[in-house]
Ligand SMILES: C[S@@+](CC[C@H](N)C(=O)[O-])C[C@H]1O[C@@H](n2cnc3c(N)ncnc32)[C@H](O)[C@@H]1O
């Protein structure tokens, strides 16, 4: 049996999985049918597994140009605070090798890079002007969709980061990363894992590329745990978000997919067990805004 200890602090909930015999739950059981061809969810629709990636690709190709504006509107700017919280849990340090998967338009990667640069400046201050780690820092932004990466590169240009050698843009699939084993100190994925076809494979890849001591962090829209708030949240999600998507992006269907895909994503506890299944230890999660989003974390030890 899994033993869990729960702590409640300041309205946030954090669970630690103490036992590595966490419930063995596979993504396949939760999300696919055993019939042939294998099916998976795309929002509320069941689609063949080999079609999901293309359908998700269409979603982000359609919304890439207005993606950042929509994030601000939908979350009334809160996604910025959630991403700040994610990065604060990463404890970035000078010379860090970091991978942000499903990095899209670079929002998380820019924050990680900024935090590393701040840490470098502090280190330079302490060392009296010398920082040997500076040139070794690498923040990789990996995304399967070239349109999202293109918007990210334009943003980097505006931020004066276009020629910064420590920011690396990579087109790639979370399920099959083109990085060496044990090569990364940190791995983040924000609002991305819900879109991946085989979540278990993506988690195993995260574990493979991280070094011992490396930290896995996932920020994802999750499941609301406050009675009464659920109805308000559902009404907002299903009535407002697709309509907003239509108005701003001219694309209702992509935002309908967004709200449906959140409901199909595993519960906080189930996802924590999946992270433990991939080999991570000290798996925890923190709910923000009553579970609208959750930050899951784990260590490769
Ligand atoms: C909701 S966006 C999140 C972007 C960014 N992380 C953020 O928080 O703003 C989801 C991203 O996941 C990417 N994505 C979907 N499936 C992927 C996969 N299998 N591998 C890598 N990226 C994927 C999409 O292209 C999209 O850019």
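Please enumerate the residues belonging to the stretch 164-173 that are touching a helix residue (DSSP H, G or I) at 6+ places or on another chain (Cβ under 9 Å) and not in a strand (DSSP E or B).
Matches in the stretch 164-173: 164, 165, 166.
Of the numbered conditions (1) modelled with pLDDT of 95 or more; (2) on the phi < 0 side of the Ramachandran plot; (3) surrounded by fewer than 16 Cβ atoms within 10 Å (Cβ to Cβ); (4) in a loop (DSSP other than H, G, I, E, B), residue 132 satisfies every one except a single condition; which is it?
Every listed condition holds for residue 132 apart from (1).
From the list 206, 123, exactly one residue is more than 16 Å from the ligand (Cβ to nearest atom) and either in a helix (DSSP H, G or I) or free of Cβ contacts under 8 Å to residues at least 60 places away in the same chain (or both). Which is it?
123
For the stretch 91-108, which positions are within 11 Å of the ligand (Cβ to nearest atom) and more than 21 Å from residue 181 (Cα to Cα)?
Result: 104, 105, 106, 107, 108.
Kindly indicate which of 263, 208, 212, 201 is exposed (fewer than 15 other Cβ atoms within 10 Å of the Cβ) and at pLDDT 95 or above.
212
For the stretch 64-82, what are the residues that are surrounded by 16 or more Cβ atoms within 10 Å (Cβ to Cβ) and either within 8 Å of the ligand (Cβ to nearest atom) or under 18 Å from the mean Cα position of the chain (by Cα) (or both)?
64, 67, 68, 70, 71, 74, 75, 79, 82
With (1) in contact with a strand residue (DSSP E or B) (Cβ under 8 Å, 6 or more places away or on another chain); (2) under 23 Å from residue 211 (Cα atoms); (3) within 16 Å of the ligand (Cβ to nearest atom) as the list, and residue 116 as the residue in question, which single condition is left unmet?
Condition (3) is where residue 116 drops out.
When the stretch 209-226 is examined, which residues are found to be over 26 Å from residue 264 (Cβ atoms) and assigned to a strand (DSSP E or B)?
Listed by number, the residues that qualify are 210, 211, 212, 213, 214, 215.
Quickly run through the stretch 174-196 and pick out the residues that are touching a residue at least 40 places away in the same chain (Cβ under 8 Å) and in a loop (DSSP other than H, G, I, E, B).
Of everything in the stretch 174-196, those that are touching a residue at least 40 places away in the same chain (Cβ under 8 Å) and in a loop (DSSP other than H, G, I, E, B) turn out to be 174, 177, 179, 183, 191, 192, 196.
The values are calculated or read from the model by the stated rules, or taken from the named source; none is laboratory data. Because the structure is a prediction, the values reported are computed rather than measured. Backbone-built Cβ (ideal geometry, glycine too); neighbour counts: all protein chains shown.
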